[in-house]
1. Answer yes or no: is there a residue in segment 79-87 that is open to solvent by less than 40 Å² (accessible area, probe 1.4 Å) and part of a helix (DSSP H, G or I).
2. Is at least one residue of segment 57-77 closer than 20 Å to Arg17 by Cβ and over 13 Å from the mean Cα position of the chain (by Cα)?
3. Please verify whether Leu14 is exposed (fewer than 14 other Cβ atoms within 10 Å of the Cβ), within 23 Å of Ala131 (Cβ to Cβ) and either in contact with an Asp or Glu (Cβ under 9 Å, 6 or more places away or on another chain) or not small (Gly, Ala, Ser) (or both), treating the condition exactly as stated.
4. Of all residues in segment 47-77 being among the aliphatic types (A, V, I, L, M) and either modelled with pLDDT under 95 or crowded, with 23+ Cβ neighbours inside 10 Å (or both), which is farthest from Arg109 (Cα to Cα)?
5. Taking only pairs six or more apart or across chains, which ones have beta-carbon atoms under 8 Å, a first residue in segment 1-30 that is at pLDDT below 95, and a second residue that is open to solvent by 100 Å² or more (accessible area, probe 1.4 Å) and not aliphatic (A, V, I, L, M)?
6. Scan segment 43-77 for residues that are among the small types (Gly, Ala, Ser) and touching a Lys or Arg at 6+ places or on another chain (Cβ under 7 Å) and report the count.
Amino acid sequence: MTHGNLLEPEATKLPERPEPQAALDAGTDPAEVAAEHPDFSATWAALGERALGEDEVVAAYAYARTGYHRGLDQLRRAGWKGFGPVPWAHGPNQGFLRSLAVLAKAAGRIGETEEYERCKQFIIDSDPAAAQATGLA
């Protein structure tokens, strides 16, 4: 039997979403998937990552903020109380965490230093592996 930090809440794991994830995995444009599944954070993360890659920072910020807020709603429904681990290793959490990372990066690029720092710390607090995987470590 293993014991984690007894003062820390249990890790929050979002439910599997096979249909929209399969569409993304098959190469469907994330905008199409977002239109069908607007609450699926991974689509917003993908749109934000693409926009950042095309130097469309304001669009990236908007996409990421949408994915972040949709993910927060789902985390709360899954029992998250505003703190505690959100593990990167659990695939369904990655859309939220990727959205948070894009939000941080876009905020940094438009000079929103406080927002960048807040988002970066949030992702580190959620799971340091997420910060590493998204380039915010």
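1. Among the residues of segment 79-87, not one is open to solvent by less than 40 Å² (accessible area, probe 1.4 Å) and part of a helix (DSSP H, G or I), which makes the answer no.
2. Yes, segment 57-77 has at least one match.
3. Values: exposed (fewer than 14 other Cβ atoms within 10 Å of the Cβ): no; within 23 Å of Ala131 (Cβ to Cβ): yes; either in contact with an Asp or Glu (Cβ under 9 Å, 6 or more places away or on another chain) or not small (Gly, Ala, Ser) (or both): yes.
Against the criterion (exposed (fewer than 14 other Cβ atoms within 10 Å of the Cβ), within 23 Å of Ala131 (Cβ to Cβ) and either in contact with an Asp or Glu (Cβ under 9 Å, 6 or more places away or on another chain) or not small (Gly, Ala, Ser) (or both)), Leu14 does not qualify.
4. So in segment 47-77, the residues among the aliphatic types (A, V, I, L, M) come out as 47, 51-52, 57-60, 62, 64, 72, 75.
From the residues that got through so far, the ones that are either modelled with pLDDT under 95 or crowded, with 23+ Cβ neighbours inside 10 Å (or both) too are 47, 60, 64.
Numbers: Leu47: 17, Ala60: 10, Ala64: 13 Å.
Only one residue tops the list, namely Leu47.
5. Pro9/Lys81; Pro9/Phe83
6. Of segment 43-77, the ones among the small types (Gly, Ala, Ser) are 45-46, 48, 51, 53, 59-60, 62, 64, 67, 71.
Filter once more, keeping what is touching a Lys or Arg at 6+ places or on another chain (Cβ under 7 Å): 45.
Total meeting the criteria: 1.
The values are calculated or read from the model by the stated rules, or taken from the named source; none is laboratory data. As the structure is a computational prediction, the values presented were derived from the model and not from experiment. In this analysis, Cβ positions are derived from the backbone assuming ideal geometry, glycine residues included, and neighbour counts consider all displayed protein chains. In case anyone asks, the SASA skips ligands and DNA or RNA and just uses the protein heavy atoms, side chains included. Shrake-Rupley method; radii C 1.70, N 1.55, O 1.52, S 1.80 Å.
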